[in-house]
Every structure is written in C-alpha cells, then in structure tokens.
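Let me begin by presenting the structure, written as structure tokens, before commenting on it.
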Amino acid sequence: MKILLADDHNVLRKGLRRILEEQPDLEVVGEASNGREAVTLAHSLRPDIVVMDIAMPLMNGLEATRQILQRHSEMNVLILSMYSDENYVVQVLRAGARGYLLKDTAEEDLIVAVRTVAKGMPFFSPKIAKLLLGDGMQRLRQEGVSDSYGLVTAREREVLELIAEGKSNKEAATALFVSPTTIETHRARIMDKLDLHSTADIVLYAVRKGIVQLH
C-alpha cells in the first residue's frame with residue numbers, strides 16, 4: 001500500500017514514517033510540508049492513501065483533501081488533527097476524507113486507522129468516537145432524528161450501511177444485485193426520511209446509531 005504523508009512538522013512526519021514502514025506491506029512514497037505540495041504529490045505519485053494534517057501553510061488540509069479527491073476519487077484521505085471538536089470532524093467528512101485521527105493517539109492508532117481508511121471505511125480516534133456517540137446522540141434524540149429510523153425500510157437500512165462504509169452507488173448496487181439508479185433512489189429516500197443532506201451526514205448518523213462499526 002502506497003502512502004503520502006502531509007504535515008508541516010518534519011519531526012512528526014519522520015515519526016509517522018517510521019511507524020508505517022515497520023509494516024512490510026506499507027510504503028511511504030512521499031512527504032509534503034504544505035497543502036499545495038500535498039496536492040501536487042498526490043497527482044504525481046498516486047498513493048493509495050494520504051495521511052493529511054488539517055493545519056498546514058499555503059493550503060490547509062481540508063482544501064487539499066477536496067482538491068485531491070476532485071481529481072482522484074479513488075484515493076482515501078486520513079486527516080491528522082490536534083482538535084477534538086465535532087465541527088472539525090463534520091468538515092473533514094464533507095471534504096471527502098474517510099477518517100479523523102488525533103495526533104495525541106497517532107502512535108497507537110495509526111496502523112489501524114490507515115488500514116481501515118484504505119478499505120474505504122470510516123475511522124475515528126476513540127476520543128472522537130466517544131464524542132460522536134455521546135453528545136451527538138443526545139442532540140439527535142432532542143431533534144427526534146433517532147425516532148425517524150423506524151421509517152427506514154429494511155432495504156434502505158442495507159443501503160444506508162453500505163453508503164456509510166464508503167461504498168459507491170455502483171459498489172452498493174453490485175452488493176445488493178440491483179442497479180445504481182435503484183441505489184440512488186434509496187439514498188434519496190433515506191436522506192429525506194432522516195433529514196440528512198450529504199454523505200458526511202449519512203456517515204455521522206450511521207456512527208451515532210451504531211450501524212457502522214467503530215475501530
């Protein structure tokens with residue numbers, strides 16, 4: 001698996017590289033010290049996964065993630081951050097990243113996070129997962145969203161889980177032996193019933209409901 005590291009702190013990059021390259025199947029193919037460089041290297045090196053700092057000079061990690069995934073939707077991005085705030089997580093998911101890893105747990109969780117995100121599945125550091133499953137669930141209950149889950153059909157729940165796991169419409173269609181158009185119809189109905197407005201909202205909802213397994 002080819003990995004691109006993007007962080008403006010040289011010492012941290014070297015530390016992450018050491019941890020990753022202890023695994024025989026993981027290869028760090030490049031390092032970027034700012035967001036613009038990350039976008040350029042992602043295009044030239046075509047890594048399988050980009051481990052991206054959220055706060056970098058010239059271009060922040062969120063914008064770099066957007067630009068990379070606009071050109072290379074097959075890549076997966078794992079965001080590194082020191083901020084344990086749900087608002088950042090929402091921004092990260094809306095930018096298209098699959099995971100959110102806190103820097104203070106990076107040494108312990110990095111390998112699991114990389115392998116999980118590489119499969120197209122979401123990963124949150126334990127502290128972030130606790131935040132989402134705690135305050136997030138309370139807010140959803142207050143808004144009555146959790147009650148709306150009863151309106152979702154069995155097939156729509158299957159589609160919801162596949163979307164939250166990072167599957168494309170085509171991949172979900174293959175898994176359920178239906179057409180991509182049918183999946184898109186189910187997706188629209190799910191978002192309408194649950195008052196969700198983006199794939200990021202679907203992922204967060206699935207995490208809070210325990211539909212997606214947290215790692």
Out of every Cα pair in the chain, what percent are spaced more than 26 Å from each other? 35 percent
Using a cut-off of 14 Å between beta-carbons, work out the net charge of the residues near ASN34 (Lys and Arg +1, Asp and Glu -1, ASN34 not included). -4
Can you tell me which of LEU78, LEU26, LEU102 moves the most in a GNM of the chain? Springs connect C-alpha atoms under 10 Å apart. LEU26
Inter-part gap, Cα centre of the range 182-204 to Cα centre of the range 1-25, in whole angstrom, is 35 Å
For LYS2, go through the lysines and keep the ones whose alpha-carbon is under 24 Å away, minus same-chain ones fewer than eight residues off. LYS14, LYS103, LYS119, LYS167
Of ASN34, ASN169, ASN76, the most mobile residue in a GNM of the chain (C-alpha springs, cutoff 10 Å) is ASN169
Heavy atoms of the protein only, probe of 1.4 Å, neighbouring chains included. What is the accessible area of GLU27 in Å², nearest 10? 100 Å²
Please build a GNM for the chain, connecting alpha carbons under 10 Å apart, and tell me which residue among ASP53, ASP201, ASP104 fluctuates the most. ASP104
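The values are calculated or read from the model by the stated rules, or taken from the named source; none is laboratory data. These figures come from a predicted structure and were not determined experimentally. Cβ atoms come from the backbone with ideal geometry, glycine included; neighbour counts cover every protein chain shown. All accessible areas refer to the heavy atoms of the entire protein, side chains included, with ligands and DNA or RNA removed. Shrake-Rupley method; radii C 1.70, N 1.55, O 1.52, S 1.80 Å.
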